[in-house]
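Below is one structure, written out as structure tokens; comments come after it.
The values are calculated or read from the model by the stated rules, or taken from the named source; none is laboratory data. These numbers come from a predicted model, not from an experiment. Quick reminder, even Gly has a Cβ in these numbers, built from the backbone with ideal geometry, and neighbours come from all protein chains shown. Note: areas computed on protein heavy atoms with side chains; ligands, DNA, RNA excluded. Shrake-Rupley method; radii C 1.70, N 1.55, O 1.52, S 1.80 Å.
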Amino acid sequence: MNVIVTGAAGHLGRLVAEQLLERLAPEQLILVTRRPEALRRLRATGVDVRYGDFDDPASLRDAFAGGDRMLLISTDAIGRRVRQHGAAIDAAAAAGVGHVVFTSIVNPVADNPTGANAWEPGKTETLLQQSGLAWTLLRFGSFAELVLPPAATAVQNGQLVTNNGRGRLVPISRRDCAEAAAVTLTTGGHAGRTYEITGPQALSASDLAELYSDLSRKPVKVLQLNDAMLNWVLMGIGTPMPFAWRLTAYGRAVRLGYFDVVDPAFERLTGRAPVSLRDVLVAQRADLLAVA
Ligand SMILES: NC(=O)c1ccc[n+]([C@@H]2O[C@H](COP(=O)([O-])OP(=O)(O)OC[C@H]3O[C@@H](n4cnc5c(N)ncnc54)[C@H](OP(=O)(O)O)[C@@H]3O)[C@@H](O)[C@H]2O)c1
């Protein structure tokens with residue numbers, strides 16, 4: 001069985017490749033990327049590294065040839081992803097790939113305040129389900145590693161400035177997401193299944209402030225702002241407007257419960273509990289305290 005991973009040079013793609021190499025021989029792995037040169041070391045171990053770009057559908061014919069299963073990693077090109085992912089699904093079907101696993105997000109619904117961050121994966125899910133291919137959806141919670149920059153800022157300022165309200169998020173490490181993907185790609189019984197891949201614990205803003213305080217041994221208080229105020233504050237410190245809006249929309253989505261999903265799927269797939277946010281931050285303690 002040959003397994004394709006798209007977007008293989010990204011953070012998640014590299015971690016999935018590592019996980020797959022613990023389960024498959026190098027020659028069973030096909031890594032597809034726009035940047036083959038970034039995966040030179042893996043190619044030297046016997047892995048098949050190929051060029052492929054969803055914006056260049058013609059490149060996908062050769063890229064996907066000979067693959068049996070494929071992990072479709074959602075791209076970061078927000079606004080263009082439905083077309084990109086649709087091209088990848090069509091190319092997988094044309095190349096005879098039997099089963100596609102897609103990296104989605106929890107609550108990929110049209111009314112999710114994160115907008116295209118959510119509805120584009122949702123639309124891709126539908127395209128894949130209608131493709132005639134066997135499919136599996138991995139709906140990831142927020143990546144725990146992305147909590148580090150706001151956590152370090154909160155430690156520096158002694159204040160967690162947020163519009164999360166009483167909402168909670170359930171961070172999951174990218175490495176755990178990669179392991180869930182590798183298990184799904186290399187074992188049976190996952191066709192037609194949707195898995196919510198989330199961390200072990202739902203955390204409110206107060207829980208987060210307590211955790212940051214504990215890890216830094218500095219007091220961290222929560223300052224709750226409404227959406228407009230948070231947006232002004234972010235732009236006031238130089239955050240470009242689209243990015244400020246994105247952060248505010250994420251907080252609104254957390255506040256409204258769109259990220260408050262705790263699910264046992266990860267543990268069922270891997271036989272162990274997911275790593276906690278605390279452990280992810282402890283592993284990056286130097287960065288957490290770097291600006292303190
Ligand atoms: N759950 C969450 O909290 C969360 C947060 C952020 C992002 N995400 C989603 O998860 C994905 C993986 O996260 P990450 O941290 O690994 O992101 P990343 O390191 O920024 O990687 C971006 C990914 O997009 C791929 N890509 C971009 N344009 C492409 C194109 N034209 N054709 C094919 N692939 C393309 C890249 O592949 P190559 O460079 O190898 O070609 C790479 O895998 C993101 O792209 C995003 O959709 C989820």
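The requirement of being within 16 Å of the ligand (Cβ to nearest atom) and not acidic (D, E) is not satisfied by A209.
Let's see how each residue does on (1) under 22 Å from the mean Cα position of the chain (by Cα); (2) open to solvent by 20 Å² or more (accessible area, probe 1.4 Å); (3) at positive phi:
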residue	(1), (2), (3)
A152	yes, no, no
Q156	no, yes, no
Q159	no, yes, no
R166	no, yes, no
L169	yes, no, no
R174	yes, yes, no
A178	yes, no, no
V183	yes, no, no
G188	no, yes, no
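Please go through the stretch 26-58 and give me each residue that is part of a loop (DSSP other than H, G, I, E, B), within 14 Å of the ligand (Cβ to nearest atom), open to solvent by less than 50 Å² (accessible area, probe 1.4 Å) and not aliphatic (A, V, I, L, M), ordered by number. Once the filter is applied, which keeps residues that are part of a loop (DSSP other than H, G, I, E, B), within 14 Å of the ligand (Cβ to nearest atom), open to solvent by less than 50 Å² (accessible area, probe 1.4 Å) and not aliphatic (A, V, I, L, M), the stretch 26-58 yields G52, D53, F54. Applying the criterion of being within 17 Å of A91 (Cβ to Cβ) and near the ligand (Cβ under 7 Å from one of its atoms) to the residues of the stretch 1-11, the residue that is surrounded by the fewest Cβ atoms within 10 Å (Cβ to Cβ) is G7. List pairs: first in the stretch 167-184 and hydroxyl-bearing (S, T, Y), second open to solvent by less than 10 Å² (accessible area, probe 1.4 Å), Cβ under 8 Å, 6+ apart or cross-chain? Short answer, once both residue conditions are applied: S173/A144; S173/G199; T184/V101; T184/T136; T184/L138.
Screening T126 against (1) open to solvent by less than 40 Å² (accessible area, probe 1.4 Å); (2) out of contact with any Gly (no Cβ under 9 Å at 6 or more places or on another chain) leaves a single unmet condition, (1).
Quick grid of which residues meet (1) surrounded by fewer than 23 Cβ atoms within 10 Å (Cβ to Cβ); (2) of a type in the set (A, V, I, L, M):
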site: L72; (1), (2): no, yes
site: T75; (1), (2): yes, no
site: R81; (1), (2): yes, no
site: Q84; (1), (2): yes, no
site: A88; (1), (2): no, yes
site: A93; (1), (2): yes, yes
site: D111; (1), (2): yes, no
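None of R14, R23 is open to solvent by 40 Å² or more (accessible area, probe 1.4 Å), outside the structural domain of P242 (by TED's automatic domain parsing), closer than 25 Å to T270 by Cβ and in a loop (DSSP other than H, G, I, E, B) except R23.
With respect to D56, determine if the residue is at pLDDT 95 or above, over 16 Å from the mean Cα position of the chain (by Cα) and in the same structural domain as L29 (by TED's automatic domain parsing). Against the criterion (at pLDDT 95 or above, over 16 Å from the mean Cα position of the chain (by Cα) and in the same structural domain as L29 (by TED's automatic domain parsing)), D56 qualifies. Selection of the stretch 59-70 for residues being open to solvent by 20 Å² or more (accessible area, probe 1.4 Å) and touching a Leu at 6+ places or on another chain (Cβ under 9 Å) yields only R69.
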